[in-house]
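These notes are about the structure you will find just below.
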Amino acid sequence: MVIRQMPNEITLESDVYSLCLITAHSYYALLRRRDKLEREIILASPPPPDGQPSVHGGNNETADKAERLIVRQERLNIKIKAIEQAWNTMPDDTSKEFIRLNMFERVPMIYISLPMSERSMQRRRHEFLTELAKNLYEI
């Protein structure tokens, strides 16, 4: 079997392909994790005083924890934004629905009932993963 490649089509390296696939498949988990982190940051409060004298200006555990949470949230936001930007490059609503079902909800192509041929689905999937790789600065 000969696989034809369009002259201007980008071929993703296997590690980049895997990274993009995993990132796209985890879209809903990333959203949930971001929301959980937002709640943690909002609800973060200093520990109750223990009644012992303390030296001010020393280690502030609450600020350190909040800073770590904010850094994690920023990293999640980068991935989420990359996915959403790639999704928004799809040319029509049918393509977007296909990507939502196939990539985010992991429905195999053969079970997706949309007015698209299997070849069109494969093409859209490749376009999406290529755009995602660009947005993640992998290519």
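Descriptive notes on the structure:
- Condition check for residue 75: at pLDDT below 95 and part of a helix (DSSP H, G or I): yes
- Note on segment 75-98: residues that are farther than 27 Å from residue 38 by Cα and free of Cβ contacts under 8 Å to residues at least 40 places away in the same chain amount to 9.
- Of all the criteria given as (1) in a helix (DSSP H, G or I); (2) of a type in the set (D, E, K, R); (3) touching a helix residue (DSSP H, G or I) at 6+ places or on another chain (Cβ under 8 Å), the one not satisfied by residue 119 is (3).
- Residue match in segment 13-24 (condition: touching a Phe, Trp or Tyr at 6+ places or on another chain (Cβ under 9 Å), surrounded by 15 or more Cβ atoms within 10 Å (Cβ to Cβ) and either of a type outside the set (A, V, I, L, M, F, W, C) or modelled with pLDDT of 95 or more (or both)): yes
- Of all the residues in segment 92-120, those that are out of contact with any Leu (no Cβ under 6 Å at 6 or more places or on another chain) and surrounded by 20 or more Cβ atoms within 10 Å (Cβ to Cβ) number 4.
- Residue satisfying all of: in segment 80-122; more than 24 Å from residue 136 (Cβ to Cβ) and of a type in the set (A, V, I, L, M); nearest to the chain's Cα centre (by Cα) among these: 112
- Of all residues in segment 95-116, those that are assigned to a helix (DSSP H, G or I), touching a helix residue (DSSP H, G or I) at 6+ places or on another chain (Cβ under 7 Å) and of a type outside the set (Phe, Trp, Tyr) total 6.
The values are calculated or read from the model by the stated rules, or taken from the named source; none is laboratory data. All figures in this text were calculated on a predicted structure; none of them were measured in a lab. Cβ coordinates were reconstructed from backbone atoms using ideal geometry, including for glycine residues, and neighbour counts include every protein chain displayed.
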